[in-house]
Each structure stands twice: as structure tokens, then as C-alpha cells.
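First the structure, in the form of C-alpha cells, and then the observations on it.
The values are calculated or read from the model by the stated rules, or taken from the named source; none is laboratory data. Values in this document were obtained by computation on a predicted structure and should not be read as measured data. Cβ sites come from the backbone with ideal geometry, for glycine too, and all protein chains shown count toward neighbours.
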């Protein structure tokens with residue numbers, strides 16, 4: 001992807017927290033993320049995987065502007081991130097829908113913030129409700145929806161105000177396995193239609209390999225990038241077709257092996273300080 005346009009740059013990120021001591025007074029310093037470097041290309045679908053507590057969500061929070069690095073910087077289109085902004089949409093595991101708002105009102109929330117008029121909000125929100133397959137549910141409230149439907153609303157809301165980057169933190173973890181696969185298919189369809197840049201956090205190797213152009217494997221705390229795996233599977237992808245293939249199994253095993261040695265050193269650097277990605281091809285032996 002060397003000829004692609006770089007959309008996001010995270011450079012030399014460290015993140016420290018001060019946590020209360022279990023015994024006595026005062027706090028201890030906790031290093032959550034260390035020397036984290038990553039480039040994300042425009043229109044790319046990239047996933048972060050790693051052991052629990054390795055800093056995946058911490059990095060996503062910093063990318064969203066909800067938290068700040070202790071040192072280092074994150075830029076989008078070469079603009080330093082200093083806080084939340086409408087160039088980023090966020091989809092969380094817990095849906096985070098407004099229970100007093102209908103589906104349509106939830107989807108149009110970001111449009112209201114942007115000051116878009118009522119009729120245009122209605123038209124745009126309807127387009128995205130249709131995009132996620134919720135026609136006929138526009139006037140339902142969140143308590144009237146299944147978990148999978150709530151997550152569709154959350155995705156539509158994040159896309160409706162047209163952010164350039166979509167940040168997704170374990171968005172399908174709370175739904176059953178069958179619904180999860182359906183939502184994965186839907187997400188890829190939406191991504192192919194909208195061409196958004198997506199940064200996706202997951203604990204599932206299968207999910208990361210199925211969805212992504214690249215998978216960034218993180219080390220155990222303090223989290224850093226151990227290796228980046230380029231996913232050379234054809235698109236468009238469908239769950240049954242891809243996951244039953246030997247190529248998928250081979251790549252999945254490669255990521256699994258990297259995670260088994262979570263304490264490994266960060267990936268090597270090449271000239272110019274760029275990350276050396278692992279080119280994954282079925283013709284290369286393990």
C-alpha cells in the first residue's frame with residue numbers, strides 16, 4: 001500500500017495513567033501504551049488485535065480525541081488531534097443510543113450538531129437507515145430493537161454526518177455468533193459503498209482477518225505494535241466463501257502465532273522509520 005494516501009499517523013505514542021495504590025496512600029504510574037507507531041491509509045480497513053489490557057481501546061480513545069497521549073502525537077490529514085471532532089465517527093460495544101430518541105432521531109443526532117435543517121436531516125437519516133437495512137423501524141425506540149438492530153442504528157448514526165474516519169471498538173461483541181456474522185457482512189457492504197477509513201478494535205482473530213486490509217498485532221502491556229499483517233484475500237468477501245478457504249486458515253494461524261508470543265519485540269523498522277509489514281501470501285511457508 002506504499003502508493004496509498006496516508007490518512008492517520010500515530011507517532012511515538014506513550015500513554016501513562018496514575019492509579020491508586022492498593023495499599024497505602026498515593027498513586028502508581030501505569031504505562032498502558034509505549035512507543036506506538038502506526039500509519040493508516042485513506043479508505044483502508046485496519047484492525048487492532050492483542051491481549052486484553054494491551055491498550056487497543058486506549059489508543060482508539062486517543063484517536064477519537066477522548067483522551068490524550070502522555071507523549072507523541074496523532075494526526076489526521078496532518079492535523080493534530082486535540083479533542084473530539086466531526087471528522088471521526090465512533091461505534092462502541094454498548095450501542096450508546098439515546099433511549100428517549102427514535103431510530104430516526106438517533107441517526108440524525110450528528111446532523112443536528114452540524115446545524116443541518118429538519119427536512120434535509122430527515123432525508124439523510126432515511127438514506128442511512130435504508131443503508132443498514134432498518135426500513136420500517138424509523139419510529140421505534142431502542143428498547144424495541146434487538147441487539148443487532150441497535151448496533152445497526154449506531155453504525156447509521158456514526159455514518160450519517162459523513163465523518164472521514166470510523167472508529168469501532170468491539171462493536172459486535174455483545175451479539176450472538178450468527179448475528180455477528182450478519183453484521184460483519186453488512187459492515188463490509190457499507191464500507192465498500194462509503195469508502196470510509198475504518199479503524200476496528202477486536203479480540204477475534206477471525207473477525208479481524210475477515211474484515212481487514214491489514215491487522216496490527218499488539219504486544220502485552222505496555223502495548224505497542226508487534227507486527228502488521230497484510231491480508232491478501234480477494235474482495236468482495238463473504239463469510240462462507242472466505243472462512244472455509246485454506247488461505248483464510250493460513251492467515252488466521254499467522255496472526256494467532258503472533259498473539260501467542262505477546263511479549264515479543266515490536267516490528268522491525270525499515271529506512272525512513274516506516275513499519276515493516278508482514279506480507280501474507282499463501283505461497284510463503286510458515
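The table below lists the values:
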read-out: Members of segment 87-129 found to be closer than 14 Å to residue 161 by Cα and in contact with a strand residue (DSSP E or B) (Cβ under 7 Å, 6 or more places away or on another chain), listed by number; value: 87, 88, 89, 90, 91
read-out: Residues (at pLDDT below 50 and touching a helix residue (DSSP H, G or I) at 6+ places or on another chain (Cβ under 9 Å)) located in segment 228-280; value: 264, 278, 280
read-out: Condition check for residue 219: in contact (Cβ under 8 Å) with a residue 60 or more places away in the chain, farther than 25 Å from residue 124 by Cβ and assigned by TED's automatic domain parsing to the domain that holds residue 6; value: yes
read-out: Wholly enclosed strands (runs of 3 or more DSSP E) of segment 45-148 bearing at least 3 residues surrounded by 15 or more Cβ atoms within 10 Å (Cβ to Cβ) and modelled with pLDDT under 95; value: 88-92
read-out: Total residues in segment 1-31, condition closer than 25 Å to residue 212 by Cα and part of a strand (DSSP E or B); value: 8
read-out: Inter-residue pairs, beta-carbon under 9 Å, first farther than 17 Å from residue 132 by Cβ and in segment 188-202, second modelled with pLDDT under 90 and surrounded by fewer than 23 Cβ atoms within 10 Å (Cβ to Cβ), 6+ apart; value: 202/173
read-out: Residue 74 being free of Cβ contacts under 8 Å to residues at least 24 places away in the same chain, in contact with a strand residue (DSSP E or B) (Cβ under 6 Å, 6 or more places away or on another chain) and over 24 Å from residue 231 (Cα atoms); value: no
read-out: Tally of residues being surrounded by fewer than 19 Cβ atoms within 10 Å (Cβ to Cβ) and out of contact with any helix residue (DSSP H, G or I) (no Cβ under 9 Å at 6 or more places or on another chain) across segment 190-221; value: 3
read-out: Which numbered condition residue 158 fails, given (1) at pLDDT below 95; (2) over 14 Å from the mean Cα position of the chain (by Cα); (3) in a helix (DSSP H, G or I); value: (2)
